[in-house]
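Reading through the structure tokens given below for one structure.
The values are calculated or read from the model by the stated rules, or taken from the named source; none is laboratory data. Please read all numbers here as calculations on a predicted model, not as lab measurements. Note that each Cβ is placed from the backbone with ideal geometry, even for glycine, and that neighbours are counted across all protein chains shown.
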Amino acid sequence: MKVAEFMSSPVYTVSSERGVQFVSDMMNELKIGSLVVTDHGSIVGIITSRDIRSSHPNRIAADAMTPNPISISPDRFAWDALEVMEQHCIERLLVTHEEQAIGIVTRVALQGKLNQIVDPLTGLYRAPYIQHIGEHFLNRRQHFRLLFIDLNNFGEINKFHGHPVGDDFLVEFSNRLRTITNEQDYVCRYAGDEFIVITCRNENDAKKLEAALSQPVVIQNVTLSASVGIINGYLVPDFFSLSFRELISRASLLSTSLKQKSLA
């Protein structure tokens, strides 16, 4: 799910000295919500329908536009683009390639699609997200660590406390994952009480993350621990010849083995 899949094109431009009324008429004619503003061929801003509504029609585009628009590459992930928009409190991004504007992507276009791969209970992305991340790194031959996290004795929590309480545990554990991970980590709720983290941290920081995930936590006066199966891409000789599915299978089996030892 790359930005290129969601952007609208072509990009329509308007000169910075054009009047706001001209810009408004142009948007209406083209049935679009924004125009890229240029000055002697260089991009200097972006003007939206919101800018038009808050500006006097006798002003020029340069006065009403948002200068130095934030842009993103078409090969970035859609969720990266959404995060940039949220950080800057904006509704659209200019998509550029080799300093040329090739499209515009909006929050609405991204959010509608990405909501389909968000787990409604925990708010984490679901399995398709981590699949995209893992395959992307493998295709780029970029090493990473895959951490398969399986909560211990979760079935007992459901059995003795009920499924609504079990859901509370999943939400609390997901919040903990958000707390201990950072921008170098990619997190998803894989299935049931299983989670996956892909991390690109260095060796030292990755070990700290692994240790944090293995530490028991107390939720609602109940101690919850996890078995973490780890595939270190730097130590697997045939790493890039394996499919992402195979990596998950290996990490899952390691997690299961650890769980069985903890119950022995």
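Restricting the range 214-231 to residues that are in contact with a helix residue (DSSP H, G or I) (Cβ under 8 Å, 6 or more places away or on another chain) and surrounded by fewer than 19 Cβ atoms within 10 Å (Cβ to Cβ) leaves a set whose member that is nearest to ASN152 (Cα to Cα) is SER225. Once the range 194-213 is narrowed to residues that are acidic (Asp, Glu) and either farther than 23 Å from PHE169 by Cβ or modelled with pLDDT of 90 or more (or both), the residue that is surrounded by the fewest Cβ atoms within 10 Å (Cβ to Cβ) is GLU203.
Listed here are the residues, each with its yes/no results for (1) free of Cβ contacts under 8 Å to residues at least 24 places away in the same chain; (2) under 24 Å from the mean Cα position of the chain (by Cα); (3) crowded, with 16+ Cβ neighbours inside 10 Å; (4) not in a helix (DSSP H, G or I).
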{"residue": "LYS113", "(1), (2), (3), (4)": "no, yes, no, no"}
{"residue": "GLN116", "(1), (2), (3), (4)": "yes, yes, no, no"}
{"residue": "LEU121", "(1), (2), (3), (4)": "no, yes, no, yes"}
{"residue": "ILE133", "(1), (2), (3), (4)": "no, yes, yes, no"}
{"residue": "LEU138", "(1), (2), (3), (4)": "no, yes, yes, no"}
{"residue": "LEU146", "(1), (2), (3), (4)": "no, yes, yes, yes"}
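Please state which one of ILE47, ILE52, ILE60 is under 30 Å from the mean Cα position of the chain (by Cα) and either more than 30 Å from ILE133 (Cα to Cα) or acidic (Asp, Glu) (or both). Every option except ILE47 fails the conditions.
Within the range 3-22, is even one residue in contact with a strand residue (DSSP E or B) (Cβ under 6 Å, 6 or more places away or on another chain), within 30 Å of ILE117 (Cβ to Cβ) and acidic (Asp, Glu)? Among the residues of the range 3-22, not one is in contact with a strand residue (DSSP E or B) (Cβ under 6 Å, 6 or more places away or on another chain), within 30 Å of ILE117 (Cβ to Cβ) and acidic (Asp, Glu), which makes the answer no. Picking from residues in the range 148-189 that are hydroxyl-bearing (Ser, Thr, Tyr) and under 15 Å from the mean Cα position of the chain (by Cα), the one that is surrounded by the most Cβ atoms within 10 Å (Cβ to Cβ) is TYR186.
Quickly run through the range 98-117 and pick out the residues that are in contact with a strand residue (DSSP E or B) (Cβ under 6 Å, 6 or more places away or on another chain) and within 22 Å of ASP185 (Cβ to Cβ). Hit for the range 98-117 is ILE117, nothing else. Say whether the condition of being farther than 23 Å from SER15 by Cβ, at pLDDT below 85 and touching a helix residue (DSSP H, G or I) at 6+ places or on another chain (Cβ under 6 Å) is met by at least one residue in the range 83-94. Checked the range 83-94: at least one residue is farther than 23 Å from SER15 by Cβ, at pLDDT below 85 and touching a helix residue (DSSP H, G or I) at 6+ places or on another chain (Cβ under 6 Å).
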